[in-house]
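Asker: The structure's right below; bear with me while I get my questions together.
The numbers here are math on the coordinates, done by the rules we state, and not lab data. Note that the structure is a prediction, hence the values are computed from the model and not measured. Note: ideal-geometry Cβ built from the backbone for every residue, glycine included; neighbour counts use all protein chains shown.
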Number of protein chains: 2
Amino acid sequence: MENICAEALKVLKERRSVRRYQKKGVPESVTLDIVDCARFAPTARNVQPWKFAVLTDAAERKKIAGIAEYGKFIADAPVCIAVFCEDTKYYLEDGCAATTYILLAAKAYGLGTCWVAGDKKPYAEEIRTLMKMPAGWKLVSLISMGYPEETPSPRKKTLDEVLRKL
Amino acid sequence: MENICAEALKVLKERRSVRRYQKKGVPESVTLDIVDCARFAPTARNVQPWKFAVLTDAAERKKIAGIAEYGKFIADAPVCIAVFCEDTKYYLEDGCAATTYILLAAKAYGLGTCWVAGDKKPYAEEIRTLMKMPAGWKLVSLISMGYPEETPSPRKKTLDEVLRKL
């Protein structure tokens, strides 16, 4: 079959969550291109209800890491991207699609990421305020990003286990 | 910079929702490899709370299309994939990540898709029953899939519009 993008399938199958990063920073142009990819994530009725905040300042990242219980490594990742959405009916679906685009675009650039939960977390409002987002906006996710210092391989279910036979 | 997967970035930036499909069927091996990609989507605590149901039978697809108000085109798409999740705290995040993986894997294979909402829809339970999923499982999404018969280009916000300056 022609026109199959095998490299894209490889990115999908090989991306894993990374929580340990090299000290090396990420060029700003790379971070911006990754956020640029997220613009194209699908949204219900094409409303694109999102804003992406990029955080590189070490003191700011340390503050976020201190608030997000399962995101301590944000302090050591050179970049943190926060995904915020307006409170639409499908904001969580939309914000999660954009988050997934960011994780995959980062992988395409050889970067490691970890998705830290935002929605439903008691700290969501505190982070919204800290990042000066207007009231009413929802924190969907925090993404730590940097060049990977580890190669985790958590167990994934087999195709047979996840396919629903009808 | 080396090792950038430009083709994967292209897949991310060029995928759009497609609602009109060619009559041509999708090889089963392709559909299965697309679902295989979804296995690798990230999940909170790696729980992978999902099942993927693949529907190709025309009568079944027509039935689903009749139930899903914004998914009438499911009747004419050769394949419909339903994403179900167990009712975990982050089932919607996890299911949306897997849905996004399916859309992108399909694009890598030259296929068009449209994400039809499942969660929060009054018809979610009816479709769960129809697809014989056990009680308690949540319908996250329905994905129509086939070779594209249209090339839509909805307006996307600019990077400047979606980037939150701190």
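Asker: Using the crude model of +1 on Lys and Arg Cβ and -1 on Asp and Glu Cβ, and no other charge, please compute the dipole size for chain A relative to its Cα centre, in debye to 20. Don't skip to the answer; put the middle values down first.
Answerer: On the way: 27 positive and 21 negative charges, 92 e Å.
The calculation lands at about 440 debye.
Asker: Taking N as the number of residues in the protein assembly as shown, what value does Rg over Cα atoms divided by 2.2 N^0.38 Å take?
Answerer: On the way: Rg = 18.9 Å, N = 332, 2.2 N^0.38 = 20.0 Å.
With N residues counted in the protein assembly as shown, Rg over 2.2 N^0.38 Å equals 0.95.
Asker: Going by how many other Cβ atoms sit within 10 Å of their own, how do A:Lys121, B:Lys138, A:Lys62, B:Lys23 line up, fewest first? Provide the component values of the computation, followed by the final result.
Answerer: Working: A:Lys121 19, B:Lys138 22, A:Lys62 13, B:Lys23 9.
Fewest to most other Cβ atoms nearby, the residues stand as B:Lys23, A:Lys62, A:Lys121, B:Lys138.
Asker: A further question follows. Excluding B:Leu92 itself, what net charge comes from residues whose Cβ is under 11 Å from its Cβ, given Lys and Arg +1 and Asp and Glu -1?
Answerer: In short, -2.
Asker: Starting from 0 in steps of 5 Å, tell me what percent of the Cα-Cα pairs of segment B:18-166 lands in each bin.
Answerer: 2, 10, 19, 21, 20, 15, 9, 4, 2, 0, 0
Asker: For A:Asp160, which inter-copy label distances result when the label point lies 7 Å beyond Cα on the Cα-to-Cβ vector, reported in nm to one decimal and in ascending order?
Answerer: Shortest to longest, the spacings are 5.6 nm.
Asker: Starting from a label point 7 Å past Cα on the Cβ side, list the distances from B:Glu126 to the same position in the other copies, nm, shortest first.
Answerer: 4.5
Asker: A follow-up question, please. Say the cut-off is 25 Å between C-alpha atoms; which of B:Lys23/B:Lys138; A:Lys10/A:Lys63; A:Lys107/B:Lys138; A:Lys10/A:Lys156; B:Lys51/B:Lys156; B:Lys89/B:Lys132 go over it? Spell out each step's value before the answer.
Answerer: Numbers: B:Lys23/B:Lys138 31 Å; A:Lys10/A:Lys63 35 Å; A:Lys107/B:Lys138 29 Å; A:Lys10/A:Lys156 16 Å; B:Lys51/B:Lys156 32 Å; B:Lys89/B:Lys132 23 Å.
Long pairs (Cα-Cα over 25 Å): B:Lys23/B:Lys138; A:Lys10/A:Lys63; A:Lys107/B:Lys138; B:Lys51/B:Lys156.
Asker: With N set to the number of residues, divide the alpha-carbon radius of gyration of segment A:72-154 by 2.2 N^0.38 Å and report two decimals.
Answerer: On the way: Rg = 13.3 Å, N = 83, 2.2 N^0.38 = 11.8 Å.
Here the answer is 1.12, to two decimals.
Asker: Rank the residues A:Asp36, A:Asp160, A:Asp57 as a footprinting-exposure proxy: fewest other Cβ atoms within 10 Å of their Cβ go first. Write out the running numbers ahead of the final one.
Answerer: On the way: A:Asp36 19, A:Asp160 7, A:Asp57 10.
Exposure proxy ranking, most exposed first: A:Asp160, A:Asp57, A:Asp36.
Asker: When the helices in chain A are scored as -39500 (n - 2.57) per DSSP H run of 4 or longer and the sum is shared across all residues, what 222 nm value do you end up with, to the nearest 500 deg cm²/dmol? Could you put the intermediate results ahead of the total?
Answerer: Working: 6 runs with 59 residues, N = 166.
Computed ellipticity for chain A at 222 nm equals -10500 deg cm²/dmol.
Asker: Compute the label-point distances linking B:Ala6 to its equivalents in the other copies; points lie 7 Å from Cα along Cα→Cβ; give nm, one decimal, shortest first.
Answerer: Reported distances to equivalent positions: 1.8 nm.
Asker: Mind checking which aspartates and glutamates have their C-alpha under 13 Å from B:Lys72, skipping anything on the same chain fewer than 8 residues away?
Answerer: B:Glu60
Asker: Fewest to most neighbouring Cβ within 10 Å: what's the order for A:Cys5, B:Cys80, A:Cys37? Numbers along the way, then the final one.
Answerer: On the way: A:Cys5 19, B:Cys80 25, A:Cys37 22.
Least crowded to most crowded, the residues run A:Cys5, A:Cys37, B:Cys80.
Asker: When the Cα centres of segment A:50-126 and segment B:57-135 are compared, how far apart do they sit, in Å?
Answerer: Centre-to-centre (Cα) distance: 26 Å.
Asker: In peptide A:92-105, what is the residue-averaged number of other protein chain Cβ atoms found within 10 Å of each Cβ?
Answerer: Taking the mean over all residues of the peptide, I get 6.
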